[in-house]
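Visitor: Here it is, the structure, as structure tokens.
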Amino acid sequence: MAAASSSMVEASPAPVASGQSTPATQQSAAKPKMSGKNVLSNDVEIKGDLKFSNDLIIDGKIQGKVISDGALTVGENANINGSIETRTVIIFGKVKGNVTVTERCELKANAILEGDIAAGTLSIEEGATFMGQSAVGKGAVAAAAAAKASSSPASKASAASSSAAPSAASSSKVSSASASASASASKPSASPSKSSSPAAGTTSRDGELKIS
């Protein structure tokens with residue numbers, strides 16, 4: 001009696017054509033790449049302004065401004081409550097504040113941005129949420145920088161000092177005028193003062209003036 005033989009055939013994955021992306025590669029492409037960059041993980045919470053150089057990925061919570069000349073990536077778990085001023089920004093998570101970038105701003109599919117955008121170029125994917133106004137181009141970035149400079153404390157102090165200078169000059173004129181007026185009032189009068197009482201040798205009765 002011949003023994004029954006069984007064979008197992010291992011299925012090999014179907015070949016993928018060159019240039020065609022699989023679902024796994026598509027899912028990985030939708031997330032920020034963490035390698036080679038500084039990362040603030042999702043368990044980090046910062047209250048205050050954040051400044052950095054080069055590249056940074058934020059996946060935690062920030063309550064304050066984010067300022068840099070480098071590239072910023074806002075992770076899908078990130079929640080930023082404050083303005084962003086960087087060279088470039090890619091947003092996967094939530095941002096509540098104005099975004100000003102000198103080069104490129106990207107809103108990915110699940111990004112949520114509540115604020116205005118001023119950027120050199122702007123890319124918004126389908127599915128992203130954007131509530132605000134956008135200004136794109138070099139002129140928009142220059143206008144945003146000028147508005148920031150005019151609203152800085154130094155420029156406000158300079159404007160206040162320049163407006164206070166004419167007030168000081170006018171007050172000095174008023175004080176000098178009052179000083180000259182008081183000086184003239186203190187000088188004795190050259191003409192003899194006239195007395196309102198009747199002169200000697202005159203009598204007055206019933207509104208009549210008689211001179212004897």
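Visitor: Report the extension gain between Q133 and S53 in nm, rounded to one decimal, defined as 0.36 nm multiplied by the number of residues separating them, less their alpha carbon distance.
Guide: So the extension gain works out to 26.0 nm.
Visitor: Expressed in nm to one decimal, what extension gain is obtained for the pair V44 and D69 from 0.36 nm per residue of sequence separation less their Cα-Cα distance?
Guide: 6.8 nm
Visitor: Additional query: Taking amide H positions as placed in the peptide plane 1.01 Å from N, state which residues far from L40 in sequence (5 or more) or on other chains have amide H under 5 Å from it.
Guide: Here I57, I58, D59 satisfy the definition.
Visitor: What list of ³J(HN,Hα) values in whole Hz, one per residue of the stretch 87-101 in order, does the Karplus curve 6.51 cos²θ - 1.76 cosθ + 1.60 (θ = phi - 60°) give from phi, with Gly and Pro shown as x?
Guide: Here the 3J(HN,Hα) series is 6, 9, 8, 10, 10, 9, x, 10, 9, 10, x, 6, 10, 10, 10 Hz.
Since every read-out is calculated from the coordinates, none of them should be taken as a lab result. Quick caveat: nothing in here was measured; it's all calculated off a predicted structure.
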